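Chemist: The structure under discussion is supplied below as structure tokens; questions concerning it will follow.
Values quoted throughout were computed directly from the atomic coordinates according to the rules given, and no laboratory measurement underlies them. Keep in mind the model is a prediction, meaning the values are calculated, not measured. Reconstructed Cβ throughout: ideal geometry from the backbone, glycine too, with neighbour counts over all protein chains shown.
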Amino acid sequence: MSKVEQRLAAAGITLPDPVAPIANYVPFVRIGDLIHISGQVSLDASGGVTGIVGQGVDLETAQRAARLCGINLIAQMRAACDGDLDRVKRVVKLGGFVQSGPDFYDIPSVVNGCSDLMVEAFGEAGRHARSAVGVYRLPRNFAVEVDAVVEIA
């Protein structure tokens, strides 16, 4: 078990199988030492977190949704690294999208749910550049979606 997976296990996180694409795209593309990971939504075995943040989805639930996105991103990282998460050298950038109501402005705090997980899992290598954007709609009504660029060995 990798050091990263040991840290995740200590936090009570078991990585799921990577989520298959729902349309005409691939889950990740490797260019040199960079992995570009397609957006991962707030999906888990129970169906995940759907709805509009600020209208039925509160901040705490939205942060949990972003954490789910992070778990799904790490599952894709594991697949891209042939099962060895210790090959992740750096989480370079996250792009966070929050399905927000018209009066919800705390979008960066939502995406922190994913950012915090990256630092928890990868330590200093998990610190990253980031964007956090409120959007009108996300696929299948999921509350949050996050994509990533990751450097691997």
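Chemist: Output the Kirkwood hydrodynamic radius of the range 86-153, Cα pairs only, in Å rounded to one decimal. Intermediate results must be reported in sequence, preceding the final value.
Modeler: Details: mean 1/r = 0.0797 Å⁻¹.
One over the average 1/r among Cα pairs gives 12.5 Å for the range 86-153.
Chemist: Going by how many other Cβ atoms sit within 10 Å of their own, how do ASP147, ASP116, ASP103, ASP58 line up, fewest first? Mind showing how you got there, number by number?
Modeler: Values: ASP147 19, ASP116 15, ASP103 7, ASP58 12.
Least to most surrounded, the residues fall as ASP103, ASP58, ASP116, ASP147.
Chemist: What is the distance in Å between the Cα centres of the range 50-126 and the range 4-42?
Modeler: One Cα centre to the other: 11 Å.
Chemist: While we're on this one: Taking the beta-carbon count within 10 Å as an exposure proxy, list SER109, SER115 from fewest neighbours to most. Please report the intermediate quantities before stating the final value.
Modeler: Numbers: SER109 15, SER115 22.
Ordered from fewest to most neighbouring Cβ atoms within 10 Å, SER109, SER115 come out as SER109, SER115.
Chemist: Determine the percent antiparallel among the DSSP beta bridges restricted to the chain, to the nearest 5.
Modeler: That works out to approximately 70 percent antiparallel.
Chemist: Something else about it: Explain nothing, just the number: relative contact order of the chain, from Cα pairs under 8 Å at least 6 residues apart, as a whole percent. Display every interim value, and only then the final one.
Modeler: On the way: 325 pairs, mean separation 52.7, N = 153.
Relative contact order comes out at 34 percent.
Chemist: Cβ under 13 Å from GLY54's Cβ, GLY54 left aside: what net charge do those residues give with Lys, Arg +1 and Asp, Glu -1? If you can, show how the numbers build up before the last one.
Modeler: Details: positive: none; negative: ASP58, GLU60, ASP103, ASP106.
In short, -4.
Chemist: Now, a different point. Give the share of C-alpha pairs in each 10 angstrom bin for the chain, from 0 to the last occupied bin, in whole percents, shortest bins first.
Modeler: 12, 45, 34, 9, 0
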